[in-house]
Amino acid sequence: MAASRIAVAGASGLIGSALVRSLADDGHEVARLVRRPPESPDEVRWDPERGEVDTDALAGCEAVVNLAGAGIADRPWTRERKAVLRDSRVRGTDALARAAATLEPRPRVFLNGSAIGYYGDTGDLAVDEGAPAGEGFLASLCVDWEAAAAPAAEAGIRTAYARTGLVVSKAGGAWGRLFPIFRSGLGGRLGSGRQYWSFVSLHDEVAALRHLLDHDDLSGPFNITAPEPLTNREITAAMGRVMGKPTVLAVPAPVLRALLGEVSREVVGSVRVLPTRLLEAGFHFSYPGIEEAILAALREG
């Protein structure tokens, strides 16, 4: 994509901030959506819960990227927390998609965040974008999250959904909490350790989003995960090797359930996901293996 104006919601998050840096480094003008009054020319006011977007400030955007949403595993899934998770994604996506549909000229692409939680617990079965949605809260949330982008697609805007896996980064997300634990020598498998974790390096996550932005023939769902998902036991061993620490400890599933409640299902659940459509679209992973991804994370600035 030639240098252009790109709007990004969720620009302060782990993935969003890395994407903004990547776009800016390549000469793109980034309009960051913020919930407070704008403090600089590159900020655009929006209120996702109330469905309000300053469409005048979005004028001229060739692409709209929506990565906004409250942290999935930040706290237990109480009824109130589930409402926050849903509203921050579904209402925000609907508001931004409707805003994009009113722009003249319309953006070339609407790139919406999603997650591999779409597939639910797949056990040992490897699934790709052709698999149906799974069961459970996170799966239903992802279905509604993607469906909320319909106004953009109906307006003729190319619409893609980035079903992201576990991002390997020391800067945040689930892995951001793992690194200090393993560095202290207290790392170990979670539950049985047989559950599959579909991971992706932060570098490859951003590169994949850029790939989806740049190619006008790509729409629909894309799994952003490394080509070979591994079990939690295998990933635990890799973390220990790279960091030179023992990994003999383990956290039993009942303890995880006591600590995390319903969120523990996502920790001990198995999601074995393949990035079939991304590979078919010619994307090349720079860090396809777990040890490569961990080393890349340790080199992050």
Exercise. To the nearest 500 deg cm²/dmol, what mean residue ellipticity at 222 nm is calculated for the chain from DSSP H runs of n ≥ 4 alone, each contributing -39,500 (n - 2.57), summed and divided by the residues?
Worked result: -10500 deg cm²/dmol
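Where nothing but the Cβ of Lys and Arg (+1) and of Asp and Glu (-1) is charged, how large is the charge dipole of the chain around its Cα centre, in debye to the nearest 20? Walk me through the numbers on the way to the answer.
Values: 33 positive and 38 negative charges, 250 e Å.
The calculation lands at about 1200 debye.
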Problem set entry | GNM flexibility winner over the chain from P41, P132, P221 (Cα, springs under 10 Å) | P41
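With only Lys, Arg, Asp and Glu charged, each at its Cβ (+1 for the first two, -1 for the last two), find how big the charge dipole of the stretch 132-223 is about the Cα centre; round to the nearest 20 debye.
720
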Problem set entry | Gaussian network model of the chain, Cα within-10 Å springs - most flexible of Y161, Y119, Y287 | Y287
Seminar exercise, completed: Computed about the Cα centre, the charge dipole of the stretch 7-159 from +1 Lys/Arg and -1 Asp/Glu charges at the Cβ has a magnitude in debye, to the nearest 20, of 380
For this session: Quote the relative contact order of the stretch 1-67 in percent (integer), defining contacts as alpha-carbon pairs under 8 Å separated by 6+ residues.
Result: 39
For this session: Over the chain, with every protein chain in place, what whole percent of the accessible area is carbon and sulfur at 1.4 Å, could you tell me?
Result: 52
For this session: Please list the non-local residues whose amide H lies under 5 Å from the amide H of Q195, H modeled 1.01 Å from N, same-chain partners needing a gap of 5 or more.
Result: N232, R233
For this session: Compute the accessible area per residue over the chain, keeping the other protein chains in place, probe 1.4 Å, unit Å².
Result: 44
Problem set entry | Simple label model, 7 Å out from Cα along Cβ direction - S4 to L279, nm | 2.9
Problem set entry | With all protein chains modelled, accessible area of H284 [1.4 Å, Å²] | 140
For this session: Report the calculated FRET efficiency for E49 and K82 (r = Cβ-Cβ distance, R0 = 22 Å), to the nearest 0.05.
Result: 0.90
Exercise. GNM, the chain, Cα, under 10 Å: largest mean-square fluctuation among G191, G244, G51?
Worked result: G244
Seminar exercise, completed: Rounded to two decimals, the Debye log10 I(q)/I(0) of the chain (Cα scatterers, no solvent) at q = 0.09, 0.10, 0.15, 0.16 Å⁻¹ is -0.43, -0.53, -1.19, -1.34
Problem set entry | Projected label distance in nm at D214 and R36, using a 7 Å step from Cα toward the beta-carbon | 3.5
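The values are calculated or read from the model by the stated rules, or taken from the named source; none is laboratory data. Please read all numbers here as calculations on a predicted model, not as lab measurements. Every residue, glycine among them, receives a Cβ derived from its backbone with ideal geometry; neighbour counts consider all protein chains shown. Only protein heavy atoms, including side chains, enter the accessible area calculation; ligands, DNA and RNA are left aside. Shrake-Rupley method; radii C 1.70, N 1.55, O 1.52, S 1.80 Å.
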